[in-house]
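Okay, so here's the structure we're looking at.
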Amino acid sequence: MKKLLTTTMLICAIQISFSQTDKEAVTEVLTHYIEGTANGEPERLKIAFHPEFNLYFVKNDSVTAWKGSDYIGNVKEGQKSNRIGKIIDIDITNDAATAKVEIDMPERKRLYTDYFLLLKTKGDWQIVHKSFTYVTY
């Protein structure tokens, strides 16, 4: 019985350690997104996003898709923008994760909410999908 309890505790410790490492890696990817868009660093976005990702949002009451390469192309090297990002939530199961990020854009008086789907391949996490919306304040 004692051996079974010890084995169970070891497995739980390994799972917690694995989750913390993945959470840190996902946080790093999201930070590349937040800081890359705020500081005009498209190379950081290329690290964060899978090359074939797309963005989705509602425009005129219809779902609109935006090619990820076009989105990254809008971020100009060294062109800073007044964007304040904050990670709200991360949920990870095995090699898939979801995340919620808020981006405050005071000059536009908008608070964006981004929802991400991330996948882990070859040991690396990348954003494969982004949906977003905003509220005006």
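A few notes on this one:
- The string of couplings for the stretch 123-131 from the Karplus curve (6.51, -1.76, 1.60, θ = phi - 60°) is x, 10, 8, 9, 7, 10, 7, 9, 10 Hz, one whole number per residue in order, with x for Gly and Pro.
- Computed from backbone phi, the HN-Hα couplings of the stretch 51-58 come to x, 10, 6, 10, 10, 10, 7, 9 Hz, rounded to whole numbers (Karplus: 6.51 cos²θ - 1.76 cosθ + 1.60, θ = phi - 60°; Gly and Pro given as x).
- Tilt relative to the chain, helix 2-39 - C-alpha long axis, 0 to 90 degrees, to 10: 10
- The chain - charge dipole about Cα centre, Lys and Arg +1 at Cβ, Asp and Glu -1, debye rounded to 20: 160
- Once the Cα-Cα distance is subtracted from the 0.36 nm per residue extended length, the residue 121 to residue 100 segment shows a gain of 5.5 nm.
- Neighbour counts of C-beta atoms inside 10 Å place 32, 129 in the sequence 129, 32, starting with the fewest.
- Residue exposure sequence - 62, 69 - by fewest surrounding Cβ within 10 Å: 62, 69
- Modelled label reach - residue 89, point 7 Å along Cα→Cβ, the stretch 112-128 residues with backbone N closer than 18 Å: 112-119
- Spin-label pair residue 23/residue 74, simplified geometry with 7 Å Cα→Cβ offset, distance in nm: 3.2
Coordinate-derived values only; no laboratory data. What you see is a predicted model; the values in this text were computed from it and never measured. Every residue, glycine as well, gets a Cβ built from its backbone with ideal geometry; the counts of neighbours run over all protein chains shown.
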